[in-house]
Amino acid sequence: MITVEMPVLTSGVSVATTQNRGWDVEELAQRAADKIIFVGDQSHPAVQAQARAFKAQVKHVVAFYLREAVEQDRVTIANRLREAGHPELVHLLGD
């Protein structure tokens with residue numbers, strides 16, 4: 001058997017909740033960017049600035065594709081409602 005040790009860097013545990021609603025696209029995108037990119041407090045300021053700019057761009061891209069996923073899922077649900085004979089329910093999918 002081959003064993004490889006891989007160090008794991010953690011930035012601690014955090015808990016976030018919403019009240020009486022689910023997470024919106026922007027909140028989920030921020031959480032994803034926070035998990036994808038870690039900006040060390042001990043890093044050189046120029047590196048920190050570059051990492052934060054990259055993190056903001058990652059958030060933007062993730063949010064775009066999350067919005068696309070939500071829209072496509074709504075299209076799928078709307079089509080299934082129509083096929084099931086309930087076209088009057090489709091308007092409930094709008095914002």
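Values quoted throughout were computed directly from the atomic coordinates according to the rules given, and no laboratory measurement underlies them. Note that this is a predicted model, so its numbers are computed, not measured. Note that we place each Cβ from the backbone using ideal geometry, even for glycine, and neighbour counts take in every protein chain shown.
In a GNM of the chain with a 10 Å cut-off on Cα contacts, which of Ala56, Ala32, Ala46 has the highest mean-square fluctuation? Highest fluctuation of the listed residues: Ala46.
Starting with the fewest neighbours, write out Ser14, Ser43 ranked by other beta-carbon atoms found within 10 Å of each beta-carbon. Don't jump to the answer; show the numbers that get you there.
Details: Ser14 7, Ser43 13.
If I rank by nearby Cβ atoms, fewest first, I get Ser14, Ser43.
Rounding to the nearest 10 and keeping the result within 0 to 90°, find how far the Cα-based axis of helix 25-36 lies from the longest principal axis of the chain. Long axis of 25-36 versus the principal axis of the chain: about 30 degrees. Net charge in the neighbourhood of Ile37 (other residues with Cβ under 13 Å of its Cβ; Lys, Arg +1, Asp, Glu -1) is +4. Other residues within the sphere of radius under 15 Å centred on the Cβ of Leu81, judged by their own Cβ, net out at 0 (K and R +1, D and E -1). Since only Gln30, Val90, Ala46 are under comparison, the one whose Cα sits farthest along the positive direction of the charge dipole of the chain, derived from C-beta charges on Lys, Arg, Asp and Glu, is Ala46. Sparse packing (at most 10 other Cβ atoms within 10 Å of the Cβ) combined with a DSSP loop state is found for none of the GluC sites (Glu not before Pro) in the stretch 23-69.
For the chain, the longest principal axis of the C-alpha atoms and the axis of helix 45-83 are separated by about 20°. Sparse packing (at most 15 other Cβ atoms within 10 Å of the Cβ) combined with a DSSP loop state is found for the following chymotrypsin sites (Phe, Trp or Tyr not before Pro) in the stretch 22-70: Trp23, Phe38.
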